[in-house]
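Structure incoming, see below.
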């Protein structure tokens with residue numbers, strides 16, 4: 001009897017993209033269950049790899065624009081157009097990411113999110129009416145001020161001059177003028193993939209929690225936090241939006257709050273946005289088995305990472321889920337309470353990380369074959385019981 005298998009993995013970071021993981025798993029599954037119907041659905045959680053996964057899963061295409069990088073240089077940045085023809089996917093890291101700034105040049109006082117706003121406008125110009133925007137991996141701490149300026153908002157000092165880039169200048173903000181907001185934003189839905197709940201300011205805010213990894217010294221953290229608090233006050237007064245204590249507003253150096261303020265953004269869990277965009281529920285209908293996975297499975301995986309998001313949906317539809325991972329860390333058993341029925345390491349024995357990553361595709365293929373064989377054997381025994 002032909003089986004229907006849905007393969008919905010995340011990337012194996014540093015080794016395989018989500019599409020490559022899905023292909024390797026499909027090869028192994030077909031050796032265990034020849035003739036099965038395989039639906040490959042590359043997944044992501046809003047972070048690195050989201051654009052590629054969504055384009056691959058929906059049969060979409062890529063677009064590219066030249067935008068302003070974190071420190072003002074021009075950089076090429078890619079966005080995705082999904083198969084529905086009206087949804088775009090953007091990773092802010094492509095325009096304003098930490099990967100674009102050498103360690104010795106990292107400076108959150110100067111880094112700007114302007115390029116992310118420019119990339120958003122490029123996606124709209126390409127026909128998008130809905131945008132999924134992942135905000136992980138930022139180099140910035142400007143509260144989305146640069147994005148606002150790219151979208152036409154004027155951020156003015158007390159003498160009516162436009163504010164210079166970076167979170168270090170927000171203390172000089174006197175007024176936000178929305179009169180030149182770009183009209184093409186009208187009617188555009190911006191869904192922000194945000195899996196953290198940090199507020200904009202305070203001990204758990206953008207500057208204190210994430211500033212140091214972007215190059216902020218303790219003195220910078222104090223300055224940036226005070227600047228964001230002032231920025232939030234001006235946003236509340238001039239735009240009528242309270243972003244200071246909004247859960248998730250502190251993500252990406254305050255870009256979470258900035259997207260709410262300047263683009264009408266809605267902060268949502270990243271994996272759920274991707275699940276909806278690829279229409280995973282419909283693809284799981286009548287499936288016999290769901291296969292998922294990621295590079296490392298551990299206690300943190302239970303808190304909404306891609307495999308658990310996929311497994312929760314599959315369990316709600318009565319479909320069992322098996323997960324494969326490059327490594328199994330402490331606390332991984334927590335995922336068994338979240339929808340994953342069993343998990344497997346792809347490693348066949350002791351090996352170095354370099355070896356595991358180099359041979360990940362072959363190891364994943366073999367592990368998937370054995371996992372599917374075990375699943376089919378168990379199902380066969382249960383069917384044969386009188």
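Per the Kirkwood definition applied to all pairs of different Cα atoms, how many angstroms is the hydrodynamic radius of the chain?
Averaging 1/r across every pair of different Cα atoms and inverting gives 21.7 Å.
Applying a 10 Å radius around every beta-carbon, put 252-258, 324-330 in order of their mean neighbour count, most first.
252-258, 324-330
Could you identify which residue out of 185, 353, 376 has the top mean-square fluctuation in a GNM of the chain using Cα springs shorter than 10 Å?
Among 185, 353, 376, the largest mean-square fluctuation in the Gaussian network model of the chain belongs to 353.
Once you have the Cα-Cα distance between residue 197 and residue 179, take 0.36 nm times their residue separation minus that, and quote the gain in nm to one decimal.
Net length gain for the segment: 3.4 nm.
Arrange the following residues from fewest to most other Cβ atoms within 10 Å of their Cβ: 116, 285.
Fewest-to-most ranking of 116, 285: 285, 116.
Per the helix-only calculation at 222 nm, which mean residue ellipticity applies to the chain, given -39500 (n - 2.57) for every DSSP H run of n ≥ 4 and division by its residues, nearest 500 deg cm²/dmol?
Only helices count here, giving -11000 deg cm²/dmol.
Highest first, please rank the peptides 311-320, 201-210, 343-352, 21-30 by the mean number of other Cβ atoms sitting within 10 Å of their residues.
Ranked from most to least packed, the peptides come out as 21-30, 201-210, 311-320, 343-352.
How far apart, in nm, are two points set 7 Å out from the Cα along the Cα-to-Cβ line at residue 336 and at residue 172?
Taking the simple label geometry, residue 336 and residue 172 are separated by 6.0 nm.
Next up: Calculated FRET efficiency, residue 239 and residue 276, Cβ-Cβ r, R0 35 Å, to nearest 0.05?
0.80
I need 340, 7, 188 ordered by Cβ neighbour count within 10 Å, fewest first.
By the 10 Å Cβ count, ascending, the order reads 188, 7, 340.
What order, most packed first, do the peptides 88-98, 159-169 have when packing is the mean number of other Cβ atoms within 10 Å of each residue?
Going from most to least packed, we get 88-98, 159-169.
Between residue 186 and residue 354, take the C-beta separation as r, use R0 = 56 Å, and let me know the FRET efficiency to the nearest 0.05.
Efficiency, rounded to the nearest 0.05: 0.65.
Hey, what angle do you get for helix 306-316 against the long axis of the chain, alpha-carbon based, 0 to 90 degrees rounded to 10?
Between the helix axis and the principal axis of the chain, the angle is about 60 degrees.
With both partners inside the chain, how many of the DSSP beta bridges are antiparallel, as a percent to the nearest 5?
Beta bridges within the chain, antiparallel portion: roughly 35 percent.
A further question follows. Would you list 140, 197 from fewest to most Cβ contacts within 10 Å?
197, 140
No value in this document is a laboratory result; all are computed from the given coordinates. No experiment lies behind these values; they were computed from the predicted model shown. Here the Cβ is made from the backbone with ideal geometry for all residues, glycine too, and neighbour counts use every protein chain on show.
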